[in-house]
Amino acid sequence: MTEQSWRPTRRAVLGGLAALPFAGQMSRAAASGLLTRAVPVSGERLPAIGMGTWITFNVGDDAGLRAQRSRVLQAFFDAGGGMIDSSPMYGSAEAVIGHGLAKTGQPASLFSATKVWTWSQAGGVEEMEESRQLWGVERFDLLQVHNLLSWESHLETLRGMKGEGRLRYIGITTSHGRRHEDFETVMRQPDIDFVQFTYNVLDREAEDRLLPLAADLGKAVIINRPFRRGALFDRVAGQPLPAWASEIDCANWAQFFLKFIVSHPAVTCAIPATSRIDHMAQNMGALHGRLPDTAERRRMAAAVEAL
């Protein structure tokens, strides 16, 4: 990664200004001092740390595990959380979310996001309706075509749903850093509001093209795999935080990793997944305090690469 690739484009810098408190309609989270980012197409503000549910919420019908996940969900909302991202591919995760939302009462801060992942257009319609019923929501805030599978037919469905008021935002996703070239082509569709892809302190390919392009096109950006499925914690196991991490208000490695991501001006929200309340508290702590600047971001990446 060259120094050149670390420099945000002018559009990206301007996109970062949208995260400041005076931009757009201030949400309750912004008013309470939490870091929020604006959705470019609407100005709606979202807390910059959301919650993923892959693996962690796939606990089946186990009553004890469902109750524990409901407590994790409550901790997320209590800390100012909004976006929950899931998928029909994630086993029982959507049913477990629905169970938890019934317990928490679907707070006003909820921003519901899931995916469609099937070959046929008709099958996608059925899949999305089943997801809606499992979540127990009236409508989804965001539906995303996962890994671009049959994206043309599914986008046609999503456009219709949005036009009828049955959906607020349309998105596309990729993961594992795959198919960036194809993803760039599809994200140029004018009615795509959100894009989701992988980005973290070690996997920084998105800085070269996807993040600047998202800023140029005015797309909200969701970041998956912020911890490399836990591999980042394995890398730093037994290593103390750098002493200078306190200068950017990081109390633990989770906040270090997440602040690296959400400090990029093109990023709207990162979606770490966890099954533990104490880990949720660490994650949500990244919504507070100072963010690193460009030079500090380089320093953060170098520190992790050196381990």
ask   = Looking at (1) surrounded by 23 or more Cβ atoms within 10 Å (Cβ to Cβ); (2) modelled with pLDDT under 95, which is the only condition residue 230 fails?
value = (1)
query = For segment 36-46, how many residues are assigned to a loop (DSSP other than H, G, I, E, B) and buried (at least 23 other Cβ atoms within 10 Å of the Cβ)?
reply = 1
inquiry  = Going through 106, 121 one at a time, which residue ends up being surrounded by fewer than 19 Cβ atoms within 10 Å (Cβ to Cβ) and modelled with pLDDT under 95?
reply    = 106
query = What helices (runs of 4 or more DSSP H) completely inside segment 47-150 contain at least 3 residues that are within 19 Å of the chain's Cα centre (by Cα) and within 30 Å of residue 180 (Cβ to Cβ)?
reply = 93-104
query = Pairs, please: C-beta under 7 Å, at least 6 apart or cross-chain, first residue within 15 Å of residue 58 (Cα to Cα) and without any contact (Cβ under 8 Å) to a residue 12 or more places away in the chain and in segment 83-106, second basic (Lys, Arg) and surrounded by 21 or more Cβ atoms within 10 Å (Cβ to Cβ)?
reply = none
message = Condition first: buried (at least 22 other Cβ atoms within 10 Å of the Cβ), in a strand (DSSP E or B), within 12 Å of the chain's Cα centre (by Cα) and modelled with pLDDT of 95 or more. Can you find one or more residues in segment 179-194 that meet it?
response = yes
note = Scanning segment 199-221 for residues that are out of contact with any Phe, Trp or Tyr (no Cβ under 8 Å at 6 or more places or on another chain) and either closer than 17 Å to residue 263 by Cβ or among the hydrophobic types (A, V, I, L, M, F, W, C) (or both) gives 199, 202, 203, 204, 212, 213, 214, 215, 217
message = Among the residues that make up segment 203-222, is at least one of them β-branched (Val, Ile, Thr) and either surrounded by 24 or more Cβ atoms within 10 Å (Cβ to Cβ) or free of Cβ contacts under 8 Å to residues at least 12 places away in the same chain (or both)?
response = yes
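The values are calculated or read from the model by the stated rules, or taken from the named source; none is laboratory data. Quick caveat: nothing in here was measured; it's all calculated off a predicted structure. Neighbour counts run over all protein chains shown; Cβ positions are idealised from the backbone, glycine included.
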